[in-house]
1. Hey, among the residues in segment 534-550 that are away from the ligand (no atom under 14 Å from the Cβ) and part of a strand (DSSP E or B), which one's farthest from ASN671 (Cα to Cα)?
2. From (1) surrounded by fewer than 20 Cβ atoms within 10 Å (Cβ to Cβ); (2) under 28 Å from the mean Cα position of the chain (by Cα); (3) farther than 18 Å from VAL606 by Cα, pick out the condition that doesn't hold for GLU287.
3. ILE127 versus (1) of a type in the set (A, V, I, L, M); (2) over 21 Å from the mean Cα position of the chain (by Cα); (3) crowded, with 21+ Cβ neighbours inside 10 Å: which is the lone unmet condition?
4. When the residues of segment 331-349 are filtered to those that are farther than 15 Å from ASN312 by Cα and in contact with a Gly (Cβ under 6 Å, 6 or more places away or on another chain), which remaining residue is nearest to the ligand (Cβ to nearest atom)?
5. With (1) within 16 Å of the ligand (Cβ to nearest atom); (2) over 25 Å from GLY415 (Cα atoms); (3) out of contact with any Phe, Trp or Tyr (no Cβ under 8 Å at 6 or more places or on another chain); (4) not basic (Lys, Arg) as the list, and ASP430 as the residue in question, which single condition is left unmet?
6. Output the number of residues of segment 231-253 satisfying the condition of being out of contact with any His (no Cβ under 8 Å at 6 or more places or on another chain) and of a type outside the set (Phe, Trp, Tyr).
7. Can you tell me which residue is surrounded by the fewest Cβ atoms within 10 Å (Cβ to Cβ) among those in segment 480-533 that are among the small types (Gly, Ala, Ser) and more than 16 Å from the ligand (Cβ to nearest atom)?
Amino acid sequence: MMLSSYLLAQSIHISTKNMSLVLNAQTGKELKFVYFGQKLSDQDLNSIEKTEAARFAAYPAYGLNCTQENALSVQHADGNMSLEMAVQSVDKKDDNHAVTTTITMKDKVYPFYVKVNYKAYKDVDMIETWTEVNHGEKGIVMMTEFASAYLPIRKGNVYISHLYGAWGNEGKLVCEPLTPGVKEIINKDGVRNSHTAHAEVMFSLDGEAKENEGRMIGAALCYSGNYRLKVNTDESEYHHFFAGINEDNSWYNLKKDEIFTTPALALTYTKEGLSGASRNFHKWGREYKLANGNTLRKVLLNSWEGVYFNINEEGMDQMMADIASMGGELFVMDDGWFGVKYPRKNDHSSLGDWEVDKTKLPHGIQGLIDAAKKHGIKFGIWIEPEMTNTVSELYEQHPDWVIKAPQRDLVLGRGGTQVVLDLSNPAVQDFVFGVVDNLMTKYPDLDYIKWDANASIMNHGSNYLTKDNQSHLYIDYHRGFEKACQRIRAKYPKLTIQACASGGGRANWGVLPYFDEFWVSDDTDALQRVYMQWGTSYFFPAIAMASHISAAPNHQTGRVIPLKFRIDVAMSGRLGMEIQPKNMTENEKNLCKNAIAEYKNIRPIVQMGDIYRLQSPYNHIGISSLMYVTPEKDKAVFYWYKTEHFVNQHLPRIPMAGLKADKNYKVHELNRIDAHPLVFEGQVFSGEYLMSNGLEIPYNHRVRGVQPDYSSRVLYLEEVN
Ligand code: GLA
C-alpha cells in the first residue's frame, strides 16, 4: 500500500503512522510542497492531487522568484546569482526503522545539484528532512543561504511556542501569536546554542497552545552550532517557516564535487497538543537520537556545589561514602582536579592540562576509582576539552590552536583567561578526542564524563583555515566537534557523557546523539527549576534532563526551599544530588535516602514513560503539575508543586491524563513527610475518575503543626484488578 500511494502520479506520499507529507515531483519541474499534517487515506490523497494548489516550492531557491524568502541562495562560479532547480529523480531507501525518500534536483542550466531528503520513521511520528548540495562547476560556488528545510503553515490562528532564556534561566517558555512580519529565533554563540534561545519550536494551529489537545506541528533543528529559525508571515495565506544553520558571517565556498550537507530538521504533527508533540520528540529522541537512550541512568552526586574547586582526596572520599550511604550509584568529581605546572585553583588557569594535580590527589584518579569501588559506587569526572586558558601549558605549547584573528588581541572569556580551541583544525580534533581517550585508556573504569563548554567564540579567526575560507569557521568548528564526538562514541559507546555548557547551553538534538544527558541549568533553585524543566520538557525527555537536589539557601538565588520540595522537583528528571552531604542533618540524609530508594522504583516510568503536562507554572495560578505514564498505561507518577503560598488560597484541582479510563489505579504517596497519610492513600480509583476529577490534594504539609510555604506531592499510581 505504501508503494502504491508513494508512486501515485507525480505525487510523493511520505508518511508515518499518523502523519502525511505530500510533494509534487514532476520530472523537469520544480519540486512542490502539497500537504503536511494528519495521515491521509488513499482516497484523500487522490482527491487532494486535484484540489490542493501546490503553490510553493518544497525547497525554494533564489533567482527567479526574488520577492520571496528562500531556503537556498548561491553565486555560481561565473557570478550568476540565480537558481532554477528541476526534479531529476526520486529514490527511496528502506532501513529497519525508517524510509528515506530522496528527491534529486538539478539546475536547468548549471551542473548544480540539490538532494532533498525526508526520513520518515515507522514507529514514531517524526520526519527528518535535510539537503545535500553539490556542483560540477569550474571554480567555487558561494553559498549565502542554506536552510535545512522550508515548511508553509496555513494561516488561521497559529501560535508559536518556543524557549528563550539566559545563563541560570534556561528553557523559559513563551507562546505567542504569529503576526505579520518576520519572527526569527537565532543563535550566534559559536559553541553553545541553547542558553538564550532554542532551535526547537511548536506551532499550535488552533489558537493558543493547549497541553493535551489541539493540532500541533513540532520542529527541532538537530544542530550543535549557530542556527536560524525564521517564520515569515507575508501577504499570502501562509506562514513560511525556514530552519537551518545561521548563515551570518558564514557564507560557504563550495568546491567542485564537495557535498554540503545541512543538519536535519525533525518534524512532528499531532492532534494531542503540546504534550502529544513532546511525547513524539521524547520517543524518537530516546530510540534514535540520544546516546544510550534506552538505558536507565544512575543516581549520582556531583561535587561542584558541595566543594567547588576545593578538591582533595579526603573530601572526595567523604562525599563518596555519603552518597553511597544514601543509596546513590555514582560520584562525579567536578572542576578543580587537574593542572601540574598551573594547578587549577579557580577558573583563571589550567584548562587543557588534563593531568591530575597530585598535591590535591596524591593517589591520582586511580586512587579515587579504587575508593569508589570500595564504597560500591561508580566514579565520573569533569573535563572541558574544547577550551584552554592563556595560563596553561597547552596554550604555551600551541598558541596557534586557539580561535583568534591575526593581528588582533585575544578576547578573553571566563576567569579573564579562557579561550576556545580551533576545532576546524584536525590536530585540535585529535587533541579533543585524546582528552577522553587518554582518560579512558588509563582508567577504563571511569563510568561518566561531564563535558563542559564555558565560552563563546568571541574572536572570529582561524589559524588553520585558509584566508579564503575564514567564513567557514563556525561551520567547521561544529564539524570538528562532531568528528571528535563520533570517534569517542565509536570507541566508548557505553560511557555516560553529560553535555554541560555553563548549564543548559547544549540542549539540542544535534548534540545529544553523542551525549547521554545534559545539565539543564547551573541554577539549581527548585522553584525556578519547575519553570525551566517545564519548558525544557517540551522537546527533551526526563532521562536526558539532569536535575539535582542542592543546598538551602540555594547558591544561585539565595532562596530557602524545604528539602521535600527540592527532592520532588529533582525527582521529575534524571535525579542526582549536588550538595555537601557533610552539612546535612541525619534527618535530611534519611529523607534523601528514602527518596533515592523510591526513585529507583519509579525510574523506568520517569525516564522511559510518556509525559502528560497538566498545569503550567506559566499560568501563574499557584500550581504546576505533570505526570509520566508507562506506554502500557499500567503505572504512572503524578507531580504536584505549589508555586505560591497565601493564606486561604484556592487552588484548582488537577485532572490527570494518559491513564486507561476503564481501569482502576491504586494511589500511593511517595516521599511522604506528613505525620498522617493522605486520605486517598491506598485507595483505588478508575482512570475515568482520575482523568475527570483528579484528587483533592491538601494545600499544605502537616508536620508537627508546621505548615511550610512550599508544598509538593508525588503520587505513584498502579493499575489493580
Ligand atoms: C560550569 C558548569 C558547572 C561547573 C563549573 C565548573 O559553570 O556549568 O556545573 O561544572 O563550570 O567550573
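1. Among those residues, the one meeting the criterion is MET545.
2. Against the list (1) surrounded by fewer than 20 Cβ atoms within 10 Å (Cβ to Cβ); (2) under 28 Å from the mean Cα position of the chain (by Cα); (3) farther than 18 Å from VAL606 by Cα, GLU287 comes up short only on (3).
3. (2)
4. Filtering first and then ranking leaves ASP347.
5. It is condition (1) that ASP430 fails.
6. Final tally of qualifying residues: 11.
7. Per the stated criteria, the residue is ALA490.
Residue-wise test of (1) surrounded by fewer than 13 Cβ atoms within 10 Å (Cβ to Cβ); (2) closer than 19 Å to TYR612 by Cα; (3) under 36 Å from the mean Cα position of the chain (by Cα).
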| position | (1), (2), (3) |
| --- | --- |
| ASN671 | no, no, yes |
| ASP674 | no, no, no |
| MET691 | no, yes, yes |
| ILE697 | no, yes, yes |
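Bear in mind these aren't lab numbers, they're just calculated from the coordinates by the rules spelled out. This one's a predicted model, so the numbers in the text were calculated from it and none came from an experiment. Heads up, the Cβs are rebuilt from the backbone with ideal geometry, glycines too, and the neighbour counts pull from every protein chain shown.
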